[in-house]
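A short write-up of the structure that comes next.
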Amino acid sequence: MNSQQGTFEFAETPEWQNAANEDVMVAEVVFNLPLERPYTYAIPDTIRDRIKAGQRVKAPLGRGNRSVVGYCVAVRPADQSQRVLKPISELLDSEPLLDERMLELTRWIAERYLCGWGQVLDSVIPAGVRRKSGTREVQSFILTPGNEEKLTTTRFSRQQKAVIEILQKSSDPIAATDLCERAVCGPAPLNSLRKKGLITALRVRSDITGDELATFEQQQDLELNDQQQLALDRILQPIRASEYETLLLHGVTGSGKTEVYIRAIREVVSYGRQAIVLVPEISLTPQTIRRFRSRFNSVAVLHSHMTDAERHWQWQQIASGGIEVIVGARSAVFAPTPHLGLIVIDEEHEPSFKQDSTPRYHAREVARKRCLDEKVPLILGSATPTLESWLRAQRKIDALVSMPSRVAERPLPPVVIVDTRDDPRIKRGSSIGRALFQAITRALNEKGQVILFLNLRGYSPTVWCRSCGTGIKCPNCDVTLTWHRDRQAAVCHSCDYEIPPPKVCPKCESPTVRYLGTGTQKLDEEVQNTFPNARVLRMDSDSMKKPGSHDEALNKFRHGEVEILLGTQMIAKGLDFPNVTLVGVVDADTMLRQPDMRAAERTFQLIAQVAGRTGRGERGGRVLVQTTCPNDPAVKFASKHDFIGFAQHELAERHDGQAPPFSHVARVIFRGPDEDRVRRTARDVADKLRAARKGTTKDVRILGAAPAPVIRLRTLWRFHLQIAGKTPELVRELWQSVESSLTLPEGVELAVDVDPINAR
Ligand code: ADP
Ligand code: ZN
Ligand code: ZN
């Protein structure tokens, strides 16, 4: 296909003649290109004995036969017709970077998400692993964590003892040569200690601090309540049978799901297997990590702001089998565990499990496929599952495990919907209505803590011209600028474009520029003015830029140094503070009004999640939701904590419109600097798809081409079309039948998003 990267053609001239030998082997190679099919190359004698699937190679590609890095995905006997092939120019790795199973998984992702196999490999294998693997590495050693007892009870030779003592004193890995020199020994003691599992070899020096290796004080398991025990018993069935099964653990916030995961993982670890726990990036807090570290000996944490070296080190640790539990964000689904036993996805409804750039995979679907292949169970946990997962459970494709009550019989907090349409305070321009004002006053008087949630950051979310009556937009995007008062700037939240606030309207030149609406910064100011005796803390991506500031802020709140915590999504997830007696949703409309098929679902999820932040202690708590749409079903169901009712209602709506989860969608986005050309291309492709669909099944539809909801982004014009079908296969087949013959005009590129969740 000739899409994103322009046209690629093969040179016609034969370059290299294979001996006409019956057992000639060839290599299949994929590149970081949007092509699913591999290229076939001849294997030169010099690397014949060493080349394996999973290694990187350099091979000539394209018109100029430039040598390009690619991944060897198979080594197989040549076909009769393949006598004349170009040879691989260089073998880059001494060992495969990933095994057969991971190769198959990445191939599946390329097929499922309609992108290049090489693109998937490039994204899945950490950069540090790719870079380090080709070079010769220093082998370094650490003491294998969790063996303290064995170290005191085992008898060692004098040299072994010396090695152990040196490693005990060091918080960093020590290179083998250094170690031998300092312990005055040869490699033999190292090898025997390694065989006993007491020391672990790393292939690079790591810049990980001692903290990563520190063993945490281990805590006892809690005694499960009946509800948790029932859930665990059900989950243990497929674990004990070594079977694939997806279990949807639907448990309200505070029902003790994490405790159930921990016990399921304990079972898996007792078999010598590893477990992967995926959590949303935003929940990858020290609090979460501590929870796992205090229960298991060796926990690896994979998050997105690790250095290449750290990532590489972790990757090797995991591959060596020295890790019991891997906790990480989306990409941890690829952790190279030698003997996987279980995958858990906590908060499975979180949109961050879907990658927003190629390959646009959803970690849940990748996990499902991986678990199926490796015959292990998958647990999806949530208080508010996606309708996709819920429907599968309803249809009994996946198992449903329910935990409808909170731990210790604590009730879910009452949720009060406040209609702000006639609120006197709101009419005066405040964003805290009368009821919320009174509730905050009372909570503070009773020495409780308050969480206020608002989904908009900045000071005012709209810079607006009163004469034109429209928002002033970013010159690069079809997005209204946000006023950031602290920086004295009008900012585009899509491309980070920033200008001093315009004195006159760029369109009509009237001096009538105004700022509309309330973001977290303005709310912060208002709350401080309204409750001058309360200490207020704001958490949003502007105020939490410094690494560690997130944890620091939460610690302040936990220790009671702050009475009112306000912020965006950041404060809606996973926090567990018993002293929070009031949660206010300042404006539920901001979520409801999104031009997105999932607006209702997101609104329900958000209210349920923020409601989960209160009533966790003995003091109870309550939730106030301010809205101008008090009768909206999502708001009403959320106020009753009625997920099942909401799911039924929303599924009926989706069924009527044949929207997901009743259909499968691939969204094709066209972008380019020339609006007209992008529009024409999108229409052309839509026509081709319609033509290709004729005469085939009626179970697939083409919607559009149409302008994308954000028609301009980072100076590029955007149009899109959608292919919706009964099954993912129907959608894929139709797209592939057209894709191979597409030639995009200069300056237009396309991206395919399968199962899109971002409507932008
Ligand atoms: P969820 O993940 O479902 O929101 P958590 O696992 O965070 O719930 O549990 C909520 C709180 O209840 C936590 O503070 C946890 O330590 C506590 N908890 C969980 N299970 C038990 C139990 N069996 N006995 C006592 N406390 C528990
Ligand atoms: Zn104007
Ligand atoms: Zn912009």
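Worth a mention:
- Set S331, S320: member being in contact (Cβ under 8 Å) with a residue 24 or more places away in the chain, open to solvent by 20 Å² or more (accessible area, probe 1.4 Å) and within 14 Å of the chain's Cα centre (by Cα): S331
- Filter result for L372 (within 16 Å of ligand 1 (Cβ to nearest atom) and closer than 24 Å to I262 by Cα): no
- Spans of strands (runs of 3 or more DSSP E) in region 460-559 with at least 1 residues within 16 Å of ligand 3 (Cβ to nearest atom): 462-465, 482-484, 489-491
- Scanning region 248-299 for residues that are open to solvent by less than 20 Å² (accessible area, probe 1.4 Å), under 17 Å from L378 (Cβ atoms) and over 20 Å from the mean Cα position of the chain (by Cα) yields G251, V260, I262, A264, I265, V268, Q274.
- Residue match in region 245-268 (condition: of a type in the set (S, T, Y), assigned to a strand (DSSP E or B), assigned by TED's automatic domain parsing to the domain that holds D398 and more than 29 Å from M544 (Cβ to Cβ)): yes
- For the condition within 29 Å of the chain's Cα centre (by Cα), touching a residue at least 12 places away in the same chain (Cβ under 8 Å) and not assigned by TED's automatic domain parsing to the domain that holds K369, V73 qualifies.
- Count of region 514-573 residues, restricted to those that are among the hydroxyl-bearing types (S, T, Y), open to solvent by 70 Å² or more (accessible area, probe 1.4 Å) and within 31 Å of the chain's Cα centre (by Cα), is 0.
- Positions within region 24-37 being more than 17 Å from V84 (Cβ to Cβ) and open to solvent by 30 Å² or more (accessible area, probe 1.4 Å), in sequence order: N32, L35, E36, R37
Rundown of residues vs (1) over 30 Å from T715 (Cα atoms); (2) crowded, with 16+ Cβ neighbours inside 10 Å; (3) more than 28 Å from the chain's Cα centre (by Cα), yes/no style:
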residue: A652; (1), (2), (3): yes, no, yes
residue: P661; (1), (2), (3): yes, yes, no
residue: V665; (1), (2), (3): no, yes, no
residue: D674; (1), (2), (3): no, no, yes
residue: T681; (1), (2), (3): no, yes, yes
residue: V685; (1), (2), (3): no, yes, yes
residue: K688; (1), (2), (3): no, yes, yes
residue: A691; (1), (2), (3): yes, no, yes
residue: K694; (1), (2), (3): yes, no, yes
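- Scanning region 400-434 for residues that are open to solvent by less than 40 Å² (accessible area, probe 1.4 Å) and more than 26 Å from E348 (Cβ to Cβ) yields V418, T420, D423, S430, S431, I432, G433.
- Residue in region 25-43 that is more than 26 Å from S123 (Cβ to Cβ) and modelled with pLDDT under 90 present: yes
- Given (1) assigned to a helix (DSSP H, G or I); (2) farther than 27 Å from D122 by Cβ; (3) away from ligand 1 (no atom under 16 Å from the Cβ), index of the condition L342 fails: (1)
- A759 fulfils the conditions (1) at pLDDT 90 or above; (2) out of contact with any helix residue (DSSP H, G or I) (no Cβ under 7 Å at 6 or more places or on another chain); (3) open to solvent by less than 50 Å² (accessible area, probe 1.4 Å) except for a single criterion, (1).
- Positions within region 574-585 being of a type in the set (V, I, T), open to solvent by less than 10 Å² (accessible area, probe 1.4 Å) and either within 16 Å of ligand 2 (Cβ to nearest atom) or closer than 21 Å to V635 by Cα (or both), in sequence order: V583, V585
- Extreme residue, surrounded by the most Cβ atoms within 10 Å (Cβ to Cβ), among residues of region 455-470 that are of a type in the set (G, A, S), within 26 Å of A588 (Cβ to Cβ) and touching a residue at least 40 places away in the same chain (Cβ under 8 Å): G458
- Qualifying residue in region 475-484 (condition: of a type in the set (D, E, K, R) and either more than 28 Å from the chain's Cα centre (by Cα) or over 30 Å from P709 (Cβ atoms) (or both)): no
- Enumeration of residues in region 172-207 that are open to solvent by 70 Å² or more (accessible area, probe 1.4 Å), at pLDDT 75 or above and under 42 Å from the mean Cα position of the chain (by Cα): N191, R194, K195, K196
- Cβ pairs under 8 Å, 6+ apart, first in region 334-348 and assigned by TED's automatic domain parsing to the domain that holds L249 and at pLDDT 95 or above, second open to solvent by 10 Å² or more (accessible area, probe 1.4 Å) and among the acidic types (D, E): L340/E374
The values are calculated or read from the model by the stated rules, or taken from the named source; none is laboratory data. Source: prediction; values computed, not measured. Positions of Cβ are generated from backbone atoms using ideal geometry, with glycine treated the same way; all protein chains shown enter the neighbour counts. Just the protein is used for accessible areas: all its heavy atoms, side chains included, with ligands, DNA and RNA removed. Shrake-Rupley method; radii C 1.70, N 1.55, O 1.52, S 1.80 Å.
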